[in-house]
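Presented below is the structure to which this report refers.
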Amino acid sequence: MTESPASLLLVLAVLLPFTGVIFGLLIGGRHVRTVALTTVALGLAVIGGIVWHALGTCSGSGTAIEYVLGGWSPPLGIRLRADGLSVLMLLAVAVVISLVSVYAHADFAPHDSGKETRAPLVFWLMLLAIWGSLNLVFVSGDLFTLYVALELLTFAGVPLVALDGRGETLRAALRYLLFALLGSLLYLLGAVLLYGAYGTLDIQLLSQVVRPEALSWAALALMTVGLLAKTALFPLHIWLPPAHAGAPAAASALLSALVVKGSWFLVLRLWFDVMPNVVTLSAAQLLAALGAAAIIVGNIVALRQLRLKLLIAYSTVAQIGYLFLMFPLAFGLAFAGMDSAPALTGGMLQTISHALAKAAMFLAAGLIYLTLGHDRISDLRGVAQALPMTVTALALAGASLIGLPPSGGFLAKWLLLSAALESGQWWWGAVMLLGGLLTSVYVFIIVVRSLAPAEAGWMPKTRVPQYQQMAVLALALSAFLLGLAALSPVDLVQLGRTPLSLLRGTP
């Protein structure tokens with residue numbers, strides 16, 4: 001088949017970050033930051049090209065971008081494929097990676113003496129490895145390549161947790177690794193069952209032959225549970241708060257905003273693209289029930305935290321729950337023969353909004369810690385005076401998590417609420433409203449205490465660079481203004497996708 005330039009960009013989107021990792025290792029730690037930032041700039045151009053082509057395709061043929069490696073078509077070969085879901089995630093990850101890189105420019109600079117130090121070397125290499133792994137997750141066309149991508153993502157994320165080398169963070173990293181490896185084992189076992197029964201792991205081919213039978217249900221259950229352990233959905237979340245709260249701010253932003261999205265995206269692929277005929281509405285309801293429990297428990301525990309970073313980490317547990325409410329809503333609409341696109345679009349907007357907002361909040365918490373010398377929520381006085389842009393970013397990111405207009409969180413929740421009412425599943429709408437109310441309480445507490453005036457004579461512990469505050473504000477503004485996507489003339493989410501009702505064979 002003839003490959004288009006956009007198809008070749010899919011290959012570059014995966015290879016370029018890993019090429020940066022290799023060059024960073026060869027050139028040495030003193031220059032690794034320069035290598036990483038150059039790679040990020042080139043990667044942004046590549047992702048921009050993919051998005052530009054996708055937008056043109058939306059108004060034209062409406063087909064996904066594909067690339068067959070080596071010219072060998074599946075099932076013998078491997079296919080890279082980017083539909084609307086992939087393109088949106090590629091873009092969101094590129095934005096977060098770029099702004100986190102700007103923020104980390106000062107925190108992970110080479111040592112003044114020119115000596116190679118461990119933390120900057122590890123951080124910049126793992127940032128690129130995470131980017132490459134996520135891009136591979138988003139464009140992979142078969143379940144085994146997805147397994148490889150998830151393993152690469154795990155082994156890039158674990159070192160970031162233990163970056164400072166403290167015993168506490170080492171324990172958190174080991175707990176994370178154990179959960180991730182268990183999840184990988186379950187996922188791989190399910191993939192083996194599917195391959196043994198149907199002779200292929202290509203997503204498109206498998207979707208045409210998989211049948212609703214005991215083996216398929218067993219494979220779906222094994223793979224889903226494994227991926228939920230990696231995503232930290234309640235009650236498999238116990239590894240996440242210590243891992244994310246103990247890492248440096250830039251590392252926490254990557255872990256919370258991006259890394260957990262890789263395994264969630266694979267659940268999405270598995271349920272919506274590989275086995276839509278196998279999924280039952282009761283199974284989707286169970287998945288959403290776990291999400292609802294995550295929203296309520298995560299928010300309540302977040303309210304009880306004394307440290308800002310730990311509060312934000314438990315908030316991540318709650319926000320992950322929202323990502324699973326779309327499953328019964330989309331399948332409920334499809335089962336009734338109605339259009340499930342709004343539920344899927346709402347879920348994707350919630351994912352992207354959370355990635356942008358949570359990255360902003362973790363980076364803001366890092367600047368607050370540097371300024372005050374602590375992150376105790378009870379004593380945030382003077383922060384707004386010293387870090388006006390950072391507090392503004394915290395408020396905007398919090399507004400997006402709550403779902404206030406015109407934020408991306410508002411548009412996402414509006415679409416999900418509409419889908420809940422249209423499909424007759426009003427209880428999931430009630431969960432979203434309760435979650436937004438609980439989130440608003442701790443966001444209000446943080447902002448009010450940050451606005452309190454400092455004591456007379458108080459001076460910041462450290463003066464943080466303005467560009468770090470600007471990077472945080474850019475992330476928060478992106479999350480807050482994401483709601484303007486409603487004005488877009490095209491629905492990029494649906495690029496290259498068949499309606500769920502047709503995949504299930506319903507009218």
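The values are calculated or read from the model by the stated rules, or taken from the named source; none is laboratory data. Model, not experiment: these values are computed from the prediction. When we count neighbours, we look across all protein chains shown, and the Cβ atoms used for this are built from the backbone with ideal geometry, even at glycine.
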* Residue check, G408 closer than 30 Å to P212 by Cα, small (G, A, S) and crowded, with 18+ Cβ neighbours inside 10 Å -> no
* Boolean, I295 is modelled with pLDDT of 95 or more and closer than 21 Å to I352 by Cα -> yes
* Asked: Of these, R33, R81, which one is outside any helix (DSSP H, G or I), touching a residue at least 60 places away in the same chain (Cβ under 8 Å) and either within 24 Å of the chain's Cα centre (by Cα) or buried (at least 23 other Cβ atoms within 10 Å of the Cβ) (or both)?
  -> R81
* **When residues of the range 163-175 are limited to those that are out of contact with any Gly (no Cβ under 7 Å at 6 or more places or on another chain) and assigned to a helix (DSSP H, G or I), the one nearest to A221 (Cα to Cα)** => R175
* Count - residues of the range 56-70 that are surrounded by fewer than 16 Cβ atoms within 10 Å (Cβ to Cβ) and within 27 Å of the chain's Cα centre (by Cα) -> 4
* Pull up the range 256-279, narrow it to residues that are closer than 26 Å to A365 by Cα and crowded, with 24+ Cβ neighbours inside 10 Å, then point me to the one that is farthest from the chain's Cα centre (by Cα). => S263
* Asked: Quick check: is even one residue across the range 168-175 in contact with a Phe, Trp or Tyr (Cβ under 6 Å, 6 or more places away or on another chain), under 23 Å from P242 (Cα atoms) and surrounded by fewer than 21 Cβ atoms within 10 Å (Cβ to Cβ)?
  -> yes
* Quick one: count up the residues across the range 397-416 that are touching a Leu at 6+ places or on another chain (Cβ under 8 Å) and more than 30 Å from D375 (Cα to Cα). => 4
* **All positions within the range 427-473 that are free of Cβ contacts under 8 Å to residues at least 24 places away in the same chain, aliphatic (A, V, I, L, M) and in a loop (DSSP other than H, G, I, E, B)** => A456, M459
* Structure fact -> Taking the range 182-196 and keeping only residues that are farther than 13 Å from D142 by Cα, surrounded by fewer than 16 Cβ atoms within 10 Å (Cβ to Cβ) and among the aliphatic types (A, V, I, L, M), one is left with L182, L185, L189
* Of residues in the range 334-355 being modelled with pLDDT under 90 and either part of a helix (DSSP H, G or I) or under 14 Å from the mean Cα position of the chain (by Cα) (or both), the one surrounded by the most Cβ atoms within 10 Å (Cβ to Cβ) -> A334
* **Pairs where the first residue, in the range 487-501, is crowded, with 20+ Cβ neighbours inside 10 Å and at pLDDT 75 or above and the second is assigned to a loop (DSSP other than H, G, I, E, B) and not aliphatic (A, V, I, L, M), C-beta under 7 Å, 6+ apart** => L495/G62; L495/D83
* Since L367 meets every condition but one in (1) assigned to a helix (DSSP H, G or I); (2) more than 23 Å from L303 (Cα to Cα); (3) of a type outside the set (F, W, Y), which condition does it not meet? -> (2)
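Please find, among I320, I312, the residue that is among the aliphatic types (A, V, I, L, M), surrounded by 24 or more Cβ atoms within 10 Å (Cβ to Cβ) and within 14 Å of I238 (Cα to Cα).
Within the list I320, I312, the selection yields I320.
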* **Test result for S400, of a type in the set (S, T, Y), assigned to a helix (DSSP H, G or I), touching a Phe, Trp or Tyr at 6+ places or on another chain (Cβ under 7 Å) and under 23 Å from G347 (Cα atoms)** => yes
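Conditions tested, residue by residue: (1) modelled with pLDDT of 95 or more; (2) in contact with a strand residue (DSSP E or B) (Cβ under 9 Å, 6 or more places away or on another chain); (3) of a type outside the set (A, V, I, L, M, F, W, C); (4) farther than 21 Å from E151 by Cα.
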{"residue": "L194", "(1), (2), (3), (4)": "no, no, no, no"}
{"residue": "G199", "(1), (2), (3), (4)": "no, no, yes, yes"}
{"residue": "L206", "(1), (2), (3), (4)": "no, yes, no, yes"}
{"residue": "V210", "(1), (2), (3), (4)": "no, no, no, yes"}
{"residue": "E213", "(1), (2), (3), (4)": "no, no, yes, yes"}
{"residue": "L233", "(1), (2), (3), (4)": "no, no, no, no"}
{"residue": "A253", "(1), (2), (3), (4)": "no, no, no, no"}
{"residue": "A283", "(1), (2), (3), (4)": "no, no, no, yes"}
{"residue": "L306", "(1), (2), (3), (4)": "no, yes, no, yes"}
* Asked: V122 versus (1) farther than 30 Å from V87 by Cβ; (2) of a type outside the set (S, T, N, Q); (3) in contact with a strand residue (DSSP E or B) (Cβ under 8 Å, 6 or more places away or on another chain): which is the lone unmet condition?
  -> (3)
* Which listed residue, of S73, S133, S86, S101, is out of contact with any helix residue (DSSP H, G or I) (no Cβ under 7 Å at 6 or more places or on another chain) and either surrounded by 22 or more Cβ atoms within 10 Å (Cβ to Cβ) or not in a helix (DSSP H, G or I) (or both) -> S73
* **Odd one out for G48, checked against (1) touching a Gly at 6+ places or on another chain (Cβ under 8 Å); (2) surrounded by fewer than 16 Cβ atoms within 10 Å (Cβ to Cβ); (3) in a helix (DSSP H, G or I)** => (1)
* Please determine, by comparing only the residues of the range 82-136 that are more than 24 Å from A6 (Cβ to Cβ) and touching an Asp or Glu at 6+ places or on another chain (Cβ under 9 Å), which one is modelled with the highest pLDDT. => F123
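Determine which member of the set L185, L194, L178, L150 is part of a helix (DSSP H, G or I) and under 26 Å from A6 (Cβ atoms).
L150
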* Asked: Filtering the range 3-22 down to residues that are out of contact with any His (no Cβ under 6 Å at 6 or more places or on another chain) and over 13 Å from G132 (Cβ atoms), which residue is modelled with the lowest pLDDT?
  -> E3
